[in-house]
1. For the ranges 207-217, 155-165, what's the packing order if you count other beta-carbon atoms within 10 Å of each residue, average per peptide, and put the highest first?
2. With the cut-off at 30 Å, tell me which of the pairs LYS127/LYS191; LYS168/LYS304; LYS150/LYS343; LYS127/LYS304; LYS120/LYS327 have Cα atoms farther apart than that.
3. Can you order the peptides 188-198, 115-125 by their average number of other Cβ atoms within 10 Å per residue, highest first?
4. Using 0.36 nm per residue, how much length does the chain from GLU141 to LYS211 gain when fully extended, once their Cα-Cα distance is taken away?
5. So between LEU149 and CYS104, what do we pick up on full extension, going 0.36 nm a residue minus the alpha carbon distance?
6. Which length gain, in nm to one decimal place, applies between ALA273 and GLN199 when the Cα-Cα distance is subtracted from 0.36 nm times their residue separation?
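The numbers here are math on the coordinates, done by the rules we state, and not lab data. Remember, it's a predicted structure, so these values are computed and weren't measured experimentally. Methodologically, a virtual Cβ is constructed for each residue, glycine included, from the backbone with ideal geometry; neighbour enumeration extends over all protein chains shown.
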Amino acid sequence: MQSKISAFFKSSSSSSASASASVSHPKPLPHDNDDPLTTWENTKHHISITYTKRTRPNPKAASSSSSPSTAAAITGTTVVKNKKRSYAQVHLDFGQSDFLLRTCSICGFNFTPGDLDGEKSHNDFHKCYTQGIPFRGWSNERVLTMPTLKTDRIVLVLDTDPPAHRNKVEDVVRMMEIELGTGWILHQLCKVYLFISQQRIVGCLVAEPIKEAFKVISSFTGHSDIGKKRETKSTTLQFGSIVFQREVKKRTVSANNSDVMELGGAIFCEDKAVAGVCGIRAVWVTPSNRRKHIAVHMLDAVRKSFCAGSALERTQLAFSQPTSSGKALASSYTGTGSFLVYKADKTVVDREKGTQQTTHTLISD
C-alpha cells in the first residue's frame, strides 16, 4: 500500500530505493529536501494488528485447569446484554380501611384478592371452619359407644392423652375462638368431646367439673306484668273532634321459648346454690353441620361418661352463663326454662403464653 502511494508522488527509481532502504536498512532521519509524505512515513510508527483465534471453553473442564491465555481471552471481552425489565405495581398506603386486604364474613380470615398463596390459605381455612377439620383417627382413641350413632362417632380427649391428641384439640379450639372468644375455652381439668363425621371434626364440647350451680328463675310473671302495664295505656288518640283508635296486638309467650328468661340481656338466678357436678363450658358445631342434633348427641355422651359408673340426668347439667343461642339449647335439652347455670372461672391460665384472660362464655349449637 505504501509503495503504490510513493510511486504516485515519486519516480520509480526513488520509490524502489526508498523501499529497499526501508526493508534492508533502518529508516534515515528526515531531511529538509524530502517531500512531506516521506517525512510523515519516516516519523510515524507503524501499528501492527494481530488476530488471535479464540478457543471455546470446555464446560466439563474445571475452572482451575483452564490455561492463562484462554482465561485472558474470555475475561478480556465484556458482553452487555439488554436484559428485560420487570415492572411491579406500586401502591401507596394512606391508612385506608381496606387496603388490599379482605376479611371473610364467615370464617374471619384476612387475605389479599389476587394473591395465589393468600387465596389458597383462605380456601383451606374456610373449608376447615365450615365443614370441619380433617381427622383420620388415632390408633388408641377413646371412642364413646352411642347407640344413636351409626357411622359417626364421639371421641373423648383428656389432658393426660398423648401430645398428638392435645394438639388436634388445640386446632379445634382455634376454630371455636372465632365465635366464642379467645383464651378461656380450655384448661387442664376439661374433658373434650369431639364429634367425628366423614373423617372430619364437625363438633366439639368442653366440659369441666363444678361444685355448685344456680337455678334460673323463670320470668313469666315479669313479662306478664310488663304486658299488663302496656295494656293499661290509653288506646285512643284524639285531635279535637277526631278520635283515632289504636289497635293492640298481644304477643303470645311460649313455654319452649328460651327468650322468656331474658330481661334486658340478664339472667336471673336463685340466691341459693345447689350442688353441681358437670359444667358445660362451651359447645360448638361447624356452620354447615348445625341443626343436625350434633350438640344433643355430645350432651348425651357427656351425661353417660362424665362420672364413672353413673349417668347424669339432663337437669343435672349446668351451663356457663349462656346467651340467647345457648339458652335455646339448654332449655330445649333439659325441657325446662329453669335449667342450671354456673359461673365459670374468671381467669384461665394459658399454658403456652403464661397469661391470664377473662372468660366470656357462649354456647352455640
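1. Ranked from most to least packed, the peptides come out as 207-217, 155-165.
2. With Cα atoms farther than 30 Å apart: LYS150/LYS343; LYS127/LYS304; LYS120/LYS327.
3. Ranking, from highest mean packing down: 188-198, 115-125.
4. Result: 22.3 nm gained on full extension.
5. 12.8 nm
6. 22.4 nm
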